[in-house]
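Novice: What follows is a structure written as structure tokens; I'll ask about it next.
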Amino acid sequence: MKYEQISENRFNCATCPTPCDGVSKEVYLFQNDSAFSEHFENELIAHINNSLDFKAQKAAVSERPDIEVMDKLSGAFSFYIEVKVQRRTFMSVEKILHESNLIPSETVALNLSDLLRYFELAEKSKLKIYVLWVVLNRPCIVGESDKRFFYSDTENLQKVYSKEKDKRRFRRKSGEGDIVDGEHKGVVVNYHFSLNELKEWKGF
């Protein structure tokens with residue numbers, strides 16, 4: 001599958017009439033973010049189950065992507081989908097990852113450990129794995145809509161990863177809300193992609 005730029009998603013934050021807040025919240029509410037993502041996962045599962053060809057459900061194994069999709073007739077596994085909701089904009093990406101050639105408006109992230117695990121799973125299982133980003137709170141991207149959807153398969157993401165290496169990798173400080181019941185669950189190491197490296201999906 002060939003991935004071409006969907007458009008030039010490079011909006012100049014310096015001239016934006018509604019700039020995003022560039023101050024780190026330092027409070028990362030893992031449970032709130034998880035519940036928010038699950039809302040979109042459930043909407044996507046319902047959307048797929050209304051189709052003629054596929055049925056979907058939450059992945060039975062926690063280390064797998066969020067949603068597993070099967071052929072409706074045969075019941076055979078078809079592909080996986082990981083859902084990532086982007087509510088915060090990485091406003092310092094140009095300063096912190098200056099070699100990445102990314103700017104805030106176009107940047108989305110994925111947990112690096114998940115990314116590497118999905119590369120390995122796709123290779124072993126020979127199944128497609130898609131990552132779907134739900135972009136919110138970014139007026140320059142969503143326009144009059146409240147959200148937009150962008151996606152890629154891991155084959156394309158691995159090509160970007162192989163080309164960019166550590167230029168797109170960033171570890172943030174741990175903050176309040178990362179630790180749940182004594183376990184550190186918050187994502188602190190992310191890998192970043194450009195919306196121009198993804199495809200757009202019209203959504204549900």
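Novice: Being surrounded by 21 or more Cβ atoms within 10 Å (Cβ to Cβ), more than 13 Å from the chain's Cα centre (by Cα) and of a type in the set (Ser, Thr, Tyr) narrows it down to one of SER92, SER105, SER78, so name that one. Step through it out loud before you land on a result.
Specialist: Numbers: SER92 fails: surrounded by 21 or more Cβ atoms within 10 Å (Cβ to Cβ); SER78 fails: surrounded by 21 or more Cβ atoms within 10 Å (Cβ to Cβ).
One residue alone meets the criteria, SER105.
Novice: (1) farther than 23 Å from VAL160 by Cα; (2) over 15 Å from the mean Cα position of the chain (by Cα); (3) without any contact (Cβ under 8 Å) to a residue 40 or more places away in the chain: which one isn't true of ILE67, the others all being true?
Specialist: So ILE67 meets the others, but not (2).
Novice: Run VAL142 past the list (1) touching a residue at least 12 places away in the same chain (Cβ under 8 Å); (2) touching a Leu at 6+ places or on another chain (Cβ under 8 Å) and report the number of the one that doesn't hold.
Specialist: Condition (1) is where VAL142 drops out.
Novice: Residue under question is LYS84, and the condition is that it be in contact with a Phe, Trp or Tyr (Cβ under 7 Å, 6 or more places away or on another chain), among the basic types (Lys, Arg) and surrounded by 18 or more Cβ atoms within 10 Å (Cβ to Cβ); does it hold?
Specialist: Numbers: in contact with a Phe, Trp or Tyr (Cβ under 7 Å, 6 or more places away or on another chain): yes; among the basic types (Lys, Arg): yes; surrounded by 18 or more Cβ atoms within 10 Å (Cβ to Cβ): yes.
Yes, satisfied.
Novice: Within segment 93-113, track down each residue that is in a helix (DSSP H, G or I) and free of Cβ contacts under 8 Å to residues at least 60 places away in the same chain. Working first, answer last.
Specialist: Within segment 93-113, the subset in a helix (DSSP H, G or I) is 93-96, 104-106, 112-113.
Within segment 93-113, GLU94, LYS95 qualify.
Novice: Which members of segment 108-126 meet the condition of being more than 19 Å from the chain's Cα centre (by Cα) and either within 15 Å of ARG138 (Cα to Cα) or open to solvent by 60 Å² or more (accessible area, probe 1.4 Å) (or both)?
Specialist: Residues satisfying the conditions are GLU123, LYS124, LYS126.
Novice: If you don't mind, there's one more thing I want to ask. Name the residues in segment 56-87 that are closer than 20 Å to LEU112 by Cβ and outside any loop (DSSP other than H, G, I, E, B), would you?
Specialist: Passing the criteria: TYR80, ILE81, GLU82, VAL83, LYS84, VAL85, GLN86.
The values are calculated or read from the model by the stated rules, or taken from the named source; none is laboratory data. What you see is a predicted model; the values in this text were computed from it and never measured. Cβ sites come from the backbone with ideal geometry, for glycine too, and all protein chains shown count toward neighbours. Side chains included, ligands, DNA and RNA excluded: accessible areas come from the protein's heavy atoms. Shrake-Rupley method; radii C 1.70, N 1.55, O 1.52, S 1.80 Å.
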